[in-house]
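The next block holds one structure in the form of structure tokens; read it before the comments.
The values are calculated or read from the model by the stated rules, or taken from the named source; none is laboratory data. Since this is a predicted model, take the numbers as computed values, not measurements. Every residue, glycine among them, receives a Cβ derived from its backbone with ideal geometry; neighbour counts consider all protein chains shown. Note: areas computed on protein heavy atoms with side chains; ligands, DNA, RNA excluded. Shrake-Rupley method; radii C 1.70, N 1.55, O 1.52, S 1.80 Å.
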Amino acid sequence: MSNKTSLQAGSDKPLLAYLKWALITTVLGLALGAWLGWETTGTVSGTLTIFFICAVLAVLEISLSFDNAIVNANKLKDMTPEWQHRFLTWGILIAVFGMRIVFPLLIVVIAANVGPWTALVMAATDPDQYSQIMMDAHLPIAAFGGTFLMMVALSFFFNHEKDIHWVRWVEEKAVSYSSVKGIEIAVVLIVMMIFSKIIAGSDDPKLGPVAANTFFYSAVWGLLTFLMVEVLGGILDRSQQMLEGAAKGGLGAFLYLEVLDASFSFDGVIGAFALTSNLFVIAIGLGIGAMYVRSMTIMLVEKGTLTEYRFLEHGAFYAILILSIIMYVQSLFHIPEVITGMGGAALIGVALWSSIRWNRVHGSED
């Protein structure tokens, strides 16, 4: 087995070495955005506007997905070198082209009952109608993605093997109940029923009993997807272990990370339509951000940052839990994406500060 593709902890590579491809993508993406702005508007102001939107979308994606990078790094460090490499190569293609281009097109194909080519033509020639279809599909997307992310977060806290606690009075209590089988599923189902009840009783003409059924049905699919990925991942990795001996974290872990990436992307893709209805501008901006998330993932693994800062992972999972609740709340009313992104970043920042303080206090003991 070659170590050439393995991510080795303790790397002393400089920051710019990790950001090289992300910076190259930024330059090319922003140049493409400027060209697209000139081609579509023919004015300097229009070109600068689209250039600026691409930059803002990149920042939005980074702020919304930093916790995703931490969770990816936690899973990635246990994967075999081959599957690490596949996730960081195939995975970026799936993340950029799959979630930022194919996924929005697929939503319009299903919602408007049109063919893929028709949806693509609509995106290019009638972006306002395209954007409206995307926004109308926000309820089931929020329910599906919110449920999946809630299960991801709760599975971290309801874990009997978890022995490091950040918010001790919350996390110790969660661990004490982790022996109750399926407790995280029960919690998610209760939250689903509460929100379905609120949506059904809402006076908003866009909500009501029909919307509540749509929400609950989509949330159930989010829950089932998480469970199916967990089961399928276990089966695939066990089969791979039988074939490869000590192999760990292979196809099953890859599949889990791809679905997790997709769930994180839901909020960013839908939120991007609040800034522009141009699919291609969205793909450029979010694609740039996705490259930075991959670069941060590699850096976190190679530098052993999760081990060095013991509460950083906790902050990421709290951010995921809050993001899942926000996605649920967004089924009732809009919450600006800047609040979502800054809230997650702030939590991770506090977790980092807590880790540094813990290291200072206990450094001499270690």
Only one of VAL180, VAL175 is modelled with pLDDT under 85 and touching a Lys or Arg at 6+ places or on another chain (Cβ under 7 Å), namely VAL175
**Asked** Taking the condition charged (D, E, K, R) and either assigned to a helix (DSSP H, G or I) or open to solvent by less than 30 Å² (accessible area, probe 1.4 Å) (or both), does GLU184 pass?
**Response** yes
Matching residues in the range 113-126 (of a type outside the set (Phe, Trp, Tyr), open to solvent by 40 Å² or more (accessible area, probe 1.4 Å) and part of a helix (DSSP H, G or I)) number 6
Condition set of a type in the set (Ser, Thr, Tyr) and modelled with pLDDT under 80, scope the range 115-133, selection farthest from LYS206 (Cα to Cα): answer is THR125
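Can you name the residue in the range 10-49 that is of a type in the set (D, E, K, R) and not in a loop (DSSP other than H, G, I, E, B) and, of all such residues, is farthest from LEU93 (Cα to Cα)?
Ranking the candidates gives GLU39 first.
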All-but-one check, TRP169 against (1) closer than 25 Å to ILE322 by Cα; (2) touching a helix residue (DSSP H, G or I) at 6+ places or on another chain (Cβ under 8 Å); (3) aromatic (Phe, Trp, Tyr), failing number (2)
Only one of (1) within 19 Å of GLU171 (Cα to Cα); (2) at pLDDT 80 or above does not apply to ARG360, and that is (1)
Within the range 146-161, of all residues that are surrounded by fewer than 17 Cβ atoms within 10 Å (Cβ to Cβ) and within 23 Å of the chain's Cα centre (by Cα), the one farthest from ALA319 (Cα to Cα) is ASN159
message = Here is a check on your reading of the model: is VAL102 of a type outside the set (Gly, Ala, Ser) and either modelled with pLDDT under 75 or surrounded by 18 or more Cβ atoms within 10 Å (Cβ to Cβ) (or both)?
response = no
